[in-house]
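Participant: Following this message is one structure expressed as C-alpha cells.
The values are calculated or read from the model by the stated rules, or taken from the named source; none is laboratory data. None of the values given here were measured: they were computed from a predicted structure. Cβ atoms come from the backbone with ideal geometry, glycine included; neighbour counts cover every protein chain shown.
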Amino acid sequence: MNDTPGRASAVIVGAGIVGNSLACHLARLGWRDLVLVDKGPMPNPGGSTGHASNFIFPIEYSKMMMELTRDSTEQYQELGVFTQSGGVEVARTQVRMDELRRRCTAAKAWGIPAEVISPAEVAKLVPYLDESVILGGAYFPTVGVVDSLRAGTLMREEAQRSGALQVVAGAEVLGIDTSGRGRNGRPKITSVRTTAGEIETSICVICCGVWSPRIARMAGARLPLTPIVHQMISVGPIALFAGTQGEITYPIVRDVDTNMYERQHGGDMEVGSYAHRPIIVPPDDIPSIEESALSPTELPFTADDFDPQLAEALELMPELLGDEKAGIRYAINGLISMTPDGHPLLGPAPEVDGLWSAAASWIKEGPGVGRVVAEWMSGQVPTVDVDEANVARFYPSQRTVAHVQARAREGFNKMYGIVHPAEQWESGRPVRVSPVYDRERELGAVFFETAGWERPYWYASNESLQERYAGRLMPRDAEWDARWWSPVINAEHLAMRDACGLVDLSAFAIFDVTGPSALDVVQSLAVAQLDVAPGRVVYTSLLDERGGFKADLTVMRLGRERFRVVTGGATGQADLAWFAEHLPADGTAALADQTSAQVTIGLWGPRARDVLQSVTRDDVSHAGFPFATCREVEIAGLSVLASRISYVGELGWELHVPVEQGGKLWDALWAAGTPHGLVPVGIGVYGTTGRLEKGYRAFGNELTADYTLVEAGMTRPKVKAQPFIGKEAYLAQRAEPPAAVLCTLTVDDHTPPSGPARYMLGGEPILSPAGERLVDAKGRPSYVTSAGSGPSVGRHLLLAYLPPAQASVGTRLQVECFGDAYPVTVAVAGATPLFDPDNARIRS
Amino acid sequence: MEIAVCVKRVPQVGGRIVVTPDGQDVDTRMSGFAISPHEECAVEEAVQITERLGGTVSVLTLGPAEAADQLRDALALGAHRAVLLEAGGHAWGPAGTAAAIVAEVRRRSAEGPAYDLLLLGNEAADTGDYQVGIRVAHGLGWPCATGIKQLEVTGDAVRARREYRGHEETFEFGLPAVITVKEGINLPRYPSLPGRLRAKRAAVEQYQPQWQPEGLRTRGLRVPDQPRQQATVLGTGTDAVPALVRLLDELGILK
C-alpha cells in the first residue's frame, strides 16, 4: 500500500509523460522530497499518454513547438524508446501541394530534413498507397514513433533511484489548500489532500492533461483547456505487416487533406482522424477509472462520426485496408487536450502562488515540457523560449469555459488544415472593443483580433486613397500573399507619411506601479535608466537572467512614486505577471491594471502637431513638448495624458484618456484633422509597414529569449549603475562580438519560376547565394522574423538575424518562399532605419 | 438457411455502474452501447452457418431508433439484413418482447422466406431475464435449447451441446428451432473496413410492434454495495517470482 509522505518540496499531480519527465528533470536539477501523485495505477494511469498514437513529426510552424518537439525527440532517443520510421504528408489537391512546399521551406528554416516528392516516390516509400489518389507528398525522414509509457517509467524510476521522488499511485487529489499569504495578496499553496493522505507543500504542479482544469480549480485557478475527442481505430491483422520486425517498418502517412493519418503499429494499421465533428467532453464528465469500459480517456467509439473517414482511408490504401480478413480490433474516442491557441499551458499560474501548470502538452512535446518547467521552477531561464506557452498569457475572458470550448471547436478541424499565418478566429468575437468601435465600423474597419481585442487592420473608407497612390501600393497577385491583407494598408501608410493618421491603440495593456518602492521595482526589471524626471517617457527592454528578452515596453514616469507601463495587448498579461512576481513582499509598491480604464489614441504624421495645436491651448511645439516626454494637455474639455513617442517613425503623440472619454477625444481629433488630411490608420501600418521601414523590433518576432540586445542592435552607450535582472549577462554580451546581427533586407525580385509575383510573410529561411542555409556560431538559423511592405521605400522588407559575415550592407543573399529562392540584399545591418535614417521626422 | 439473430442494445459499462439520479436507468452519458457478448457469439455463429450452407442472416432487435447502430454493427460482421422493431418509448418486459419477436417471425413466414432458425443470447447483459428465447419458442411452438456452447447445423436438423454441472448435454432436433447461445461457442470476428462501409449503406427495415402492459415492470435500479477489492502486492521484480508461481499453482493454471 501507499506510504504517503506528509511533506513534499513539490507535489506533481499526474504521472503521464509530462509528470514523469518533470519529476526526472527536477531530480536532475537537485530537487529532493518530490511526490508524484496519480489516481491511476503505474505505469499506465489511464490518461491520454496511455492511448496516444505516439508518433512525432518534427515540423511545426511555431518555432517554440518545433524546439520542444526537437528536445523531446532527443530525450526519447537517449532513453532508447524512439524508432525512426520516416513520415509522409500526402496531397490530394493543388493547394495542398503548395502547402507542402511551404512546409518544406519552414522545415529548411529550422534545419529539419524534408523534401517534396512525386506520387511515384511516395508509393515507393509506402507501397500500399494508391498513388493515383494523390498529387505528391512531403517526406520527412526523421519522423518516428516512441514508447511514451516506457519513457515515462524510465524517467520516473530514475528520479526514484536518485532518492528524490516518492510515487503515490492510486491516490486521487481531493483538494488543494491555500492560505491568503502570497505575493500581491494572492493565496498560496499549503497542502495537497489526497485519498491516500494529506501532503504539506508550497508547490503543486498540474500535469493532469485533460483533467488539469478540474485540479487547478481546486486551488482557485482557471486553466483554459478542454478535453476533446480524437477518434482512432486499429485494423488488423494486416497481411503485409506479418513479416515485419518491431513496431514500425513503413513510414507514417498523414493524409492531411482528409485530416487523417495511417500508421503501422506492429501487425495492425492505426487510422486516426481530426476530421469528425468536434466532440468536447467537460473535465467533470470524464468517467472514473472504475466507471470506464476501457480507460477514462478511451471513451466509447461513435462509429457514425468516423464512417466518412473509413471511405477516405480505403481510397488511399484500398488493398491493405480493404482486406475482409482485417478487422477493426480497437476503436476509441480518445480524449486529448486543446487550448484556445493550440499551445501548452506552462509556468506559474497567475492566480495562486506556488501553483504551476505543465498542461496541454502532447507526446511530441512531453519530455521537453518537463525539462523547461523544471528549469523554470528552479529559477533558471528555460532552455527553450516558451514565452508563447506562458500560462499567464490569457485574459480572464479567454479563460472562460465558453471561450475555450468555442476556440477548441473551431481549431479542431484545423489540426491538419492549411492555416494562414494571419488567419483570424471566427468564434467568440467580439469581446473587447474600443470606445470608438462603432465609429470604426462605420468607417469599414476590417478587424483583427489580438488578446480578445478587436483592432482595425485597415479601413474600407480609405479605399479611395488607392487612386491617389496608384503605382506605389505594391499589390499582391498571389492569393495566399494577399489573404488577410489589403493594398489599402499601404495607401493608409502613405497618407500618414504625407499628412497624418489616427490610430486606435485601445488594445495596449497599461498598468501603474506606485508606492515608495515603485522606482526600485521598475529599475530592477528595466534595462534603461528609469530614475528620470517625472514627465519623461522611456522605451526599454526587460531581460531574463540569461539576458534574453522578457518584454519590450514604454514607461512613463508620472510622479516620484508613480510609473505607468504601456505594453502590447498580446503580451500584457504575461508582462503584468512578471511585474507582479517582482513586487516587494512588504507592500511598499503596488501594481494596478489600468488597461480597462485607459484608452490610447495615436496621432502621427507631419501634420500631427498642426492638428493637435488646433485643439489645445497648451504648447505642443517641439521646444515646448520635446520628444520622449509626457504631460497632461487639455483637448476639447478633456484632460489628456499626451506622450510624445512613435512606433511609426513620425512626429506625434500617444493620447491617453479614461475609456468613457475616448469617443469625445476621437471626434475632436477627427474634426480638427480633416482639413489637414487626417485618415484613420489601422494596425497593418502601425504593426508592420510603419514599423519595418523604421527597423523597429517587435517583441516575439525579433525580440525573443534567444537573442540579445547586442544582436538586436539596441545597446546604448552606457549601462546604468543600478542592478536589474539580466544585467550580468548583458554586460557579458556587450563584451563580446555578437554571433548574429539583426538586419533589414530588401527583396530584389519577386518573380517565381512560374505564376504571379510572391511576397514573403515571415518565417522563411535566408539562404546564401548558393542556396545554403545560414546558421550562426550559436547554431541559430537565419530566418525572416518580420516581413511586410515598405511603401515609402518602395520595397518589400524583411527582418532577419544574420551571421556577422553576411551582416553588411549590400550583401546579396536569397530567401526561400514556397520552395523557390528569391534574391535579397542587406539594406541595413543594425538598427538604423531604412526610412528617415536620421529620425528627422520624429524629432521635428 | 434463413437465420434470425435477436440482439439487444445494452450499455457498455465499466467496473462500476452509475445509475441516473431518478434511479430509473443506467447513466449512459459516458458509456457506449453494444450488444451482449452472448449475442455477439450468436451473430458470429449465424454468419459462419450461412458461410457454410448459404442463406441469409437477419438481425432483429426491439429497441429505440438508436438500436439501428447495433444492427449495423452486426451487418458489418456479415449479417445480411436488419430489422428494427421500434420500442416506441414503452418499457418492454420479456413477455412483450417475445410476443413482438413471435409476431415478426410469423409476418416473415407469411411473406417468405420463413426463418429456419432463431438464435439468441442466453440472457441479456443488462436485465438478465433468461426468458425471451424460451418464450419465443413457446409462442411459436418450436423446440428450444438454451445455454448452447456448440452447434452443428445441417440442412434441416441441429445438434446442440451445452455444459451442465460438469457434464455435457447434447440435443438433436429438427428445424425450425430456437437456440440461445453462450459466450465461448466461437470467437467473434472484428468488422472489416469494407464490412463497416457496407453496413453504413444498408437499409434497416422498421416495424411497429404492438405493446401491451405486462406483469414485470422496472420499479427502480440500485447498485448494491460492493466489497472494496483488496489488491495484494506479491513482491517487486524477480523477488515476486516464487509467490507468483505458488499462486498460479493454487489457481490450477500450471497443471
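Participant: Could we say that B:Thr97 is in contact (Cβ under 8 Å) with a residue 24 or more places away in the chain and not in a helix (DSSP H, G or I) here?
Facilitator: Here the answer is no, as B:Thr97 does not meet what is asked.
Participant: Same structure again: Take the residues in region A:573-602 that are in a loop (DSSP other than H, G, I, E, B) and of a type in the set (S, T, N, Q); name whichever of them is farthest from A:Ser639 (Cα to Cα).
Facilitator: A:Thr588
Participant: Determine whether A:Leu335 is part of a strand (DSSP E or B), within 14 Å of another protein chain (Cβ to nearest Cβ) and buried (at least 24 other Cβ atoms within 10 Å of the Cβ).
Facilitator: So A:Leu335 passes the test.
Participant: Is one or more of the residues making up region A:731-742 free of Cβ contacts under 8 Å to residues at least 60 places away in the same chain, surrounded by 13 or more Cβ atoms within 10 Å (Cβ to Cβ) and either in contact with a Pro (Cβ under 6 Å, 6 or more places away or on another chain) or among the charged types (D, E, K, R) (or both)?
Facilitator: yes
Participant: On to the next question. With the requirement that a residue be touching a strand residue (DSSP E or B) at 6+ places or on another chain (Cβ under 6 Å) and among the small types (Gly, Ala, Ser), what does region B:39-59 give you?
Facilitator: Passing the criteria: B:Ala42, B:Ala46, B:Gly55, B:Ser58.
Participant: Looking at region A:634-649, is at least one residue exposed (fewer than 15 other Cβ atoms within 10 Å of the Cβ) and in a loop (DSSP other than H, G, I, E, B)?
Facilitator: yes
Participant: Considering only residues of region A:298-327 that are in contact (Cβ under 8 Å) with a residue 60 or more places away in the chain and part of a strand (DSSP E or B), which is nearest to the other protein chains (Cβ to nearest Cβ)?
Facilitator: The residue in question is A:Gly327.
Participant: Consider A:Thr249 carefully, then state whether it is away from chain B (no Cβ under 14 Å), among the β-branched types (Val, Ile, Thr) and surrounded by fewer than 21 Cβ atoms within 10 Å (Cβ to Cβ).
Facilitator: For A:Thr249, the condition - away from chain B (no Cβ under 14 Å), among the β-branched types (Val, Ile, Thr) and surrounded by fewer than 21 Cβ atoms within 10 Å (Cβ to Cβ) - is met.
For every residue, the table says whether it meets (1) in contact with a Pro (Cβ under 9 Å, 6 or more places away or on another chain); (2) farther than 27 Å from A:Arg691 by Cα; (3) among the aromatic types (Phe, Trp, Tyr); (4) free of Cβ contacts under 8 Å to residues at least 12 places away in the same chain.
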{"residue": "A:Leu553", "(1), (2), (3), (4)": "no, no, no, no"}
{"residue": "A:Thr588", "(1), (2), (3), (4)": "yes, yes, no, no"}
{"residue": "A:Ala608", "(1), (2), (3), (4)": "no, no, no, no"}
{"residue": "A:Gln613", "(1), (2), (3), (4)": "no, no, no, yes"}
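Participant: Could you check region A:781-829 and list, in sequence order, the residues that are part of a loop (DSSP other than H, G, I, E, B), under 25 Å from A:Met66 (Cβ atoms) and in contact with a Phe, Trp or Tyr (Cβ under 9 Å, 6 or more places away or on another chain)?
Facilitator: A:Ser782, A:Ala807, A:Phe818
Participant: Which numbered condition in (1) at pLDDT 95 or above; (2) under 30 Å from B:Ala157 (Cα atoms); (3) more than 14 Å from chain A (Cβ to nearest Cβ) is the only one that B:Pro64 fails?
Facilitator: Only one criterion is unmet by B:Pro64, namely (2).
Participant: Taking the options A:Glu89, A:Glu67, A:Glu60, A:Glu99, name whichever one is surrounded by 20 or more Cβ atoms within 10 Å (Cβ to Cβ) and either on the phi > 0 side of the Ramachandran plot or at pLDDT below 95 (or both).
Facilitator: A:Glu60
Participant: Within region A:274-288, which residues are more than 7 Å from chain B (Cβ to nearest Cβ), buried (at least 18 other Cβ atoms within 10 Å of the Cβ) and in a loop (DSSP other than H, G, I, E, B)?
Facilitator: Scanning region A:274-288 gives A:Tyr274, A:Ala275, A:His276, A:Val281, A:Ile286.
Participant: Name every residue in region B:1-25 that is away from chain A (no Cβ under 11 Å) and either touching a Leu at 6+ places or on another chain (Cβ under 6 Å) or of a type in the set (A, V, I, L, M, F, W, C) (or both), in order of residue number.
Facilitator: Within region B:1-25, B:Met1, B:Ile3, B:Ala4, B:Val5, B:Cys6, B:Val7, B:Val10, B:Val19, B:Gly23 meet the criteria.
Participant: Among the residues of region B:161-197 satisfying the criterion of being in contact (Cβ under 8 Å) with a residue 60 or more places away in the chain, assigned to a strand (DSSP E or B) and away from chain A (no Cβ under 14 Å), which is surrounded by the fewest Cβ atoms within 10 Å (Cβ to Cβ)?
Facilitator: Across region B:161-197, the extreme among qualifying residues is B:Ala177.
Participant: Any residue that is among the aliphatic types (A, V, I, L, M) and assigned to a helix (DSSP H, G or I) - is there at least one of those in region A:67-78?
Facilitator: yes
Participant: For A:Val384, state whether it is outside any strand (DSSP E or B) and touching a Leu at 6+ places or on another chain (Cβ under 6 Å).
Facilitator: Yes; evaluated as a whole, the condition is true for this residue.
Participant: In the set A:Pro318, A:Pro396, A:Pro367, A:Pro340, which member is surrounded by fewer than 20 Cβ atoms within 10 Å (Cβ to Cβ) and under 30 Å from A:Thr258 (Cα atoms)?
Facilitator: Testing whether each residue is surrounded by fewer than 20 Cβ atoms within 10 Å (Cβ to Cβ) and under 30 Å from A:Thr258 (Cα atoms) leaves just A:Pro318.
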